[in-house]
Amino acid sequence: MPGVRLAHVNPLRWLGQRDRGFAALRRATRTAIIMPAMFALGDKVIGNPQVATFAAFGSFAMLLLADFGGPMAERLQAQAALAVTGGVFVCLATLASQAAWLAAVAMAVAGFCVLFAGVVSSVLAGASTALLLAFILPVSLAAPASAVPGRLAGWAMAGGVALVAIALLWPAPAHDRLRGAAAAACRALAARLRAGVAYLLSGMDEQFALDRDHAAAQSDQAVEALRSSFLAMPYRPTGLSTPARTTVRLVDELAWLNSIVIQPGLHRDGVHRAPLRVKEAAAAVLDRAADLLDSRGGNSGELDAAVAELAAARAEMQEGVMTGLPVRSLRPANDRAVAGPRVQPEPPASDPAAGGEPVSEFITSLDPAFRAEELSYAVSLIARTAGLTAAAERRSWRDRWLGRQPEGVPGTLSAARERITSYLEPHSVWLHSSLRGAAGLGLAVLVARLTDVQHSFWVVLGALSVLRSNALNTGQDAVRAILGTVAGFVIGAALLVGIGTNTTVLWFLLPLAVFLAGVAPAVISFAGGQAAFTVTLMILFNIIQPTGWRLGLVRIEDIAIGAGVSLVVGVLFWPRGAAAALRRALAEAYADVAGYLASTVRFGTSRGDPSTPALPAPAGDAARAAAASRRLDDAFRTYLAERGAKRLRLADVAGLVNGVAGLRLEADAVLDLWRGGGQACGDVAAARQEILGTAERVTSWYDGLAATLITGGELPQPLAHDTAADGRLVQAVRRDLLGNDGTASATAVRVIWTGDHLDVVRRLQAAITSPARATAGQPPAAGSGQPYRRRLRRNPAVGIAARRPAQGAPQ
């Protein structure tokens, strides 16, 4: 029976599924209490309509349209900054409202500054709608300078009460989901490392194999949860505070570590003990890093000790590599006399240039150590990030106010400047959105003032309502906004016809209308939020100046004008949509990161080569690669937030986005490998030539990928493993970089490991070829479907769009 089924429905569970953490319910409840109270104080007690209007809309903006996270102290600071900035906007907008052209220009400038400032901090991005409302309301309602005190007083009242409400009225728990997920991923990866070591030490016992597989599945799940939390946020979750800037680095670092956690292979002598010791030490570092992330501002002593143990195990492994290579079979015959009687004659070896057995033995002997070296670098990177986060949180108030940063972290101003310059690029999605929003809002103000509509700020709010998506989808948002407004008008008109001019009843209905306007976008739909907001405005303005149901009809006309303005501006400033912008951002990211990788290889192989001047570290290329990655992240989030059907599969796009992060971190690893390199004990020219040739072939493939994503041409096939190149490299190493006593130099090992890093990047090509073809609109290659489907099972972005919380509030 239907009644029986309904009896089992849990309203809180139903609401929690649509409103994660009851965030919308919390905001709506606060606003429903505070906004009517502030409006009543301004209207009935103070008796000033300006104070009442700005107190009401200020409460709406600061309590419903902004929701800051983090510890309570940081939330209150952000809320106070919003109130102060909004007060400045109220003053400037009122002064600019006296002339139509000045109002339009001021709105466009303020709109661009507010929207583009979101690249600096997710806090600014989250407050953009509230800040825009602080400018829209006064610039749309023309008034002389004498109105500034009353308007500012109303805004200040709202700001002060908002601070109290956030601190005392159902305060949100101070829980950083991203940081908690990062700590959980650290522990899961530590367990995976230990399970892998136990499996090998047990002689590959079946029970230990089950434990290893279970730990691997748990780490995959933990890293996927971290990535999902990162992408489920409407903006890149990083602010200008140092802990926020460092914590966000952990997402890519932990995902990369999870991708390279591979069991060390077996060699002729069985298990490689030194790489296993590195793994055990790395697991301890990850556990200590997780503890430090869980305890804000904790002591880094235990983490530092664990990092020192990892460094010692790493150094021991490197020393063992240099003394334990099977170089005797690779030494040329005419070298035996130089080596003396210590070297015994051996059977002739196959030609290394042909990739024979000695070459394979040489390369294979270095593989477990390379894997441990790569893993130890990734873990050290994670430990450094966690340590910097804790160090930033341990700073005194004096150091925070003076801007003193932990060593290795750029200052706030330099970080802001770097982010701003990275987005001032012709194809930046954020720049396009900011220009489009600024032009749309400025034009809406001009149209509203020139047409002399009764409530001009509704025109601007109508434009703001539909400027949050790309131009191809703006029409859909415009229809939703107008339909929601029509529905709200019908409901409000019915109420006003029945109530008439009885303001007492309207006062009782106002809190309920505000509550519905706050919770409807998350629980019902965007159009539902528009309807509830329309009812709220009809009640609010009928209390100030009773005009009945005709007020709703005016709002429909004004929303239609604003939507039309936003549609025109959207087509002019972004004619291609989010999918095309995402493809271009992917292409630019792969091209820039591949260029950075090539620069790190050139930098590394120039170290210690007497015939070549040592090149400086490629700081410029690193900055360009990081900027391209940030722009890609923004384009990906815009694509996820776009309403309507997705023409590109999320799994395909997520695979390509993750590939950029992996490629950039491999380049970082090459840079770290050579950064401490000294003078080579031999001639490195031949080996350098081979490595540079390999790097050129590998990075050229990614340049071809970038061109394919933009032009839609044929994607080149992934490069096959070049055994002949391996042979030439080993021949160059054994001739020039192996000592007479059979010991390999540090430069020899670095050369081989650089080749291994390039081979990792080469193998990545096969993993991203299928999603690249799909993204570029090409059919998949024959026989590639099934393996690719298996890879997608671990893709963290699958289904993210369905899990994303409702964004924004009704305008």
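Could you figure out which of (1) modelled with pLDDT under 90; (2) of a type outside the set (A, V, I, L, M); (3) open to solvent by 30 Å² or more (accessible area, probe 1.4 Å) isn't true of ARG26? It fails just one condition, (3).
In the range 41-76, the qualifying residues are those that are closer than 22 Å to THR94 by Cα and out of contact with any helix residue (DSSP H, G or I) (no Cβ under 7 Å at 6 or more places or on another chain), and the one that is surrounded by the fewest Cβ atoms within 10 Å (Cβ to Cβ) is GLY47.
Within the range 582-628, the set of residues being part of a helix (DSSP H, G or I), over 14 Å from GLU666 (Cα atoms) and polar (S, T, N, Q) comprises THR605, SER606.
For the range 417-432, a residue qualifies if it is over 11 Å from GLY118 (Cα atoms) and open to solvent by 20 Å² or more (accessible area, probe 1.4 Å), and the qualifying residues are ARG417, GLU418, THR421, LEU424, GLU425, PRO426, HIS427, HIS432.
Among residues that are assigned to a helix (DSSP H, G or I) and open to solvent by 50 Å² or more (accessible area, probe 1.4 Å), ALA104 is not included. Taken together, ARG404, ARG384 contain a single residue that is of a type in the set (D, E, K, R), open to solvent by 50 Å² or more (accessible area, probe 1.4 Å) and either in contact with a Pro (Cβ under 7 Å, 6 or more places away or on another chain) or at pLDDT 80 or above (or both), which is ARG384. Checking ALA289 against (1) open to solvent by 50 Å² or more (accessible area, probe 1.4 Å); (2) modelled with pLDDT of 85 or more: exactly one of these is not met. Which one? (1) is the only condition that ALA289 fails. Only residues that are crowded, with 20+ Cβ neighbours inside 10 Å and of a type outside the set (Lys, Arg) were counted across the range 192-219, and they come to 8. Looking across the range 746-763, just one residue is among the basic types (Lys, Arg) and over 32 Å from the mean Cα position of the chain (by Cα), and that is ARG750.
For every residue, the table says whether it meets (1) farther than 30 Å from ALA232 by Cα; (2) at pLDDT 90 or above.
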| position | (1), (2) |
| --- | --- |
| VAL84 | no, yes |
| GLY126 | no, no |
| THR129 | no, no |
| PHE135 | no, yes |
| ALA147 | yes, yes |
| GLY154 | yes, yes |
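Considering the range 93-129 alone, what residues qualify as being under 22 Å from PRO149 (Cβ atoms) and in contact with a Ser or Thr (Cβ under 8 Å, 6 or more places away or on another chain)? Those that are under 22 Å from PRO149 (Cβ atoms) and in contact with a Ser or Thr (Cβ under 8 Å, 6 or more places away or on another chain): SER97, ALA103.
Within the range 115-143, the residues that satisfy the criterion of being farther than 22 Å from LEU102 by Cβ, assigned to a helix (DSSP H, G or I) and of a type outside the set (A, V, I, L, M, F, W, C) are GLY118, SER122, GLY126, SER128, THR129.
For the range 683-733, the set of residues classified as more than 18 Å from HIS757 (Cα to Cα), over 36 Å from the mean Cα position of the chain (by Cα) and open to solvent by 40 Å² or more (accessible area, probe 1.4 Å) consists of ASP683, GLN731, listed by residue number.
The values are calculated or read from the model by the stated rules, or taken from the named source; none is laboratory data. The structure presented is a predicted model; accordingly, all values stated were derived computationally and were not measured. Ideal geometry is used to build each Cβ from the backbone, glycine not excepted, and the neighbour counts take in all protein chains shown. Side chains are part of the model used for accessible areas, which takes the heavy atoms of the whole protein and leaves out ligands, DNA and RNA. Shrake-Rupley method; radii C 1.70, N 1.55, O 1.52, S 1.80 Å.
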